[in-house]
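The values are calculated or read from the model by the stated rules, or taken from the named source; none is laboratory data. Since the model is a prediction, treat every value here as computed from it, not as a measurement. Here the Cβ positions follow ideal geometry from the backbone for every residue, glycine too, while neighbour counts run over all protein chains shown. Note: accessible area is taken over every heavy atom of the protein model, side chains too, but ligands, DNA and RNA are not part of it. Shrake-Rupley method; radii C 1.70, N 1.55, O 1.52, S 1.80 Å.
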Amino acid sequence: MNFASDNWAGATPEVMAALGRHNEGFAPGYGSDALTEKVRGMFCEVFERDVEVWFTPTGTASNALGLSAVSRPGGMVLCSAEAHIHNDEWGATEYASGGMKLMPMAHRDGLVLGDALEAMLARYPEGNRLGQLVALSLTNATELGTVYGPDALAALTAPARARGLAVHLDGARFANAVAASGATPAELTWRAGVDFMSFGGTKNGCWAAEAVVVFAPEKLHDVMARRQRAGHTFSKARFVAAQFEAYLSDGNWLAWAGHANAMAERLRAGLRQRETARLGWDNTANEVFAVISAEALDAVRAAGGTAHEWPSETVTPAAGEVLVRLVTSWATTPEDVDRFLKLV
Ligand SMILES: Cc1ncc(COP(=O)(O)O)c(C=O)c1O
């Protein structure tokens, strides 16, 4: 009954086996090994085109490194007011980019509103003296468990691109977005106007495998130098590559994410049927937001379960109720879900 976060789950047996397998012998350091090149080829297959792949240790590092590589003096990055880069990364992008400013925008359940984007583009026209927009950053799956399909993404990226902004995607839970939407990785990224992304592996079954995946290398500058200066260049890159090899082989990543999403859907379905609980909002990825009684949360915790209380601007629990975030993962079992549902 561990619903605290998907990064509380361990790494999958396939990932752990790959680490053991690739521990044999010697391999060149700093990403010049054959496995790293093989994995770059696997990313190219996944995205149906040539891509650059820069391994990083964390999602925060991917976001900050990627966005710093499109920075300009006084640059501004548009993002959702719920964006992880804005709320949860201690100014990592601002720091790595030499002080770019993040500009939060209104959203519905994590999905940026087109009107809010248009308003920002109008407020900061080209050549104005107030600041220059350099990038749009979107998250998929969003921080609130909702998912953009290809059309919704393109509707936001098109006006941004028309103004010359680079488009970044925070894909800490990209696998969950792909599995939930039924769209292909290509349709959810470069075909929908994304220039570069933070590709997450850790939350979905790796133990430290993240990457900046670049579709438009001409828009990013000095990625290698920036990664090196930030201390994010792995000397034993083969172990990150090993995780991604297991992750991307045989559709594993989508199977694991599909399982996590299915467990979340089981939670949502159970919560919809209960009179003693309700969904905060509906969504389709592996994060469920539910209003339950404080008593039920105590009972879950007393039974050894975990769930974080969550702040929200749109949902106000009544007295004696709490809003909780329930995150499922590749390791969540139907029994975990059913035990939780029984307790609420
Ligand atoms: C949407 C999103 N982006 C980025 C991150 C950052 O990942 P990390 O904790 O690996 O830095 C998280 C982590 O929770 C996240 O939820």
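Please work out which residue is farthest from the chain's Cα centre (by Cα), limiting yourself to region 1-31 and to residues that are assigned to a helix (DSSP H, G or I) and small (Gly, Ala, Ser).
Residue satisfying both the conditions and the ranking: GLY20.
From the list PRO73, PRO57, PRO104, which residue is modelled with pLDDT under 95 and either within 16 Å of the ligand (Cβ to nearest atom) or assigned by TED's automatic domain parsing to the domain that holds GLU126 (or both)?
PRO73
Take region 185-232 and flag every residue that is within 28 Å of ALA155 (Cβ to Cβ) and among the β-branched types (Val, Ile, Thr).
Those that are within 28 Å of ALA155 (Cβ to Cβ) and among the β-branched types (Val, Ile, Thr): THR189, VAL194, VAL212, VAL213, VAL214.
Kindly evaluate ALA166 against the criterion of being out of contact with any His (no Cβ under 7 Å at 6 or more places or on another chain) and not hydroxyl-bearing (Ser, Thr, Tyr).
Judged against the criteria, ALA166 is a match.
Can you find, within region 181-205, the residue that is most open to solvent (accessible area, probe 1.4 Å) among those that are within 11 Å of the ligand (Cβ to nearest atom) and in contact with a Lys or Arg (Cβ under 7 Å, 6 or more places away or on another chain)?
Across region 181-205, the extreme among qualifying residues is LYS203.
Criterion first (open to solvent by less than 40 Å² (accessible area, probe 1.4 Å), within 15 Å of the ligand (Cβ to nearest atom), touching a Phe, Trp or Tyr at 6+ places or on another chain (Cβ under 7 Å) and among the aliphatic types (A, V, I, L, M)) does ALA9 satisfy it?
For ALA9, the condition - open to solvent by less than 40 Å² (accessible area, probe 1.4 Å), within 15 Å of the ligand (Cβ to nearest atom), touching a Phe, Trp or Tyr at 6+ places or on another chain (Cβ under 7 Å) and among the aliphatic types (A, V, I, L, M) - is met.
Here are ALA69, ALA92, ALA64, ALA96: which of them is within 15 Å of the chain's Cα centre (by Cα), crowded, with 18+ Cβ neighbours inside 10 Å and over 18 Å from GLY131 (Cβ atoms)?
So the residue among ALA69, ALA92, ALA64, ALA96 that is within 15 Å of the chain's Cα centre (by Cα), crowded, with 18+ Cβ neighbours inside 10 Å and over 18 Å from GLY131 (Cβ atoms) is ALA64.
Taking VAL46, is it β-branched (Val, Ile, Thr), assigned by TED's automatic domain parsing to the domain that holds ARG238 and outside any helix (DSSP H, G or I)?
For VAL46, the condition - β-branched (Val, Ile, Thr), assigned by TED's automatic domain parsing to the domain that holds ARG238 and outside any helix (DSSP H, G or I) - is not met.
Name the residue that is most open to solvent (accessible area, probe 1.4 Å), counting only residues in region 283-304 that are under 30 Å from VAL178 (Cα atoms) and touching a residue at least 60 places away in the same chain (Cβ under 8 Å).
Going through the qualifying residues, I end up with THR284.
Do we have any residue at all in region 104-111 that's touching a Lys or Arg at 6+ places or on another chain (Cβ under 8 Å) and not in a strand (DSSP E or B)?
No, region 104-111 has no match at all.
Just one of the numbered conditions (1) in contact with an Asp or Glu (Cβ under 7 Å, 6 or more places away or on another chain); (2) open to solvent by less than 10 Å² (accessible area, probe 1.4 Å) is not true of PRO57; which one?
It fails just one condition, (2).
Do the conditions hold for ALA160, that is, is it touching a helix residue (DSSP H, G or I) at 6+ places or on another chain (Cβ under 9 Å), open to solvent by 10 Å² or more (accessible area, probe 1.4 Å) and either in the same structural domain as ARG325 (by TED's automatic domain parsing) or small (Gly, Ala, Ser) (or both)?
no
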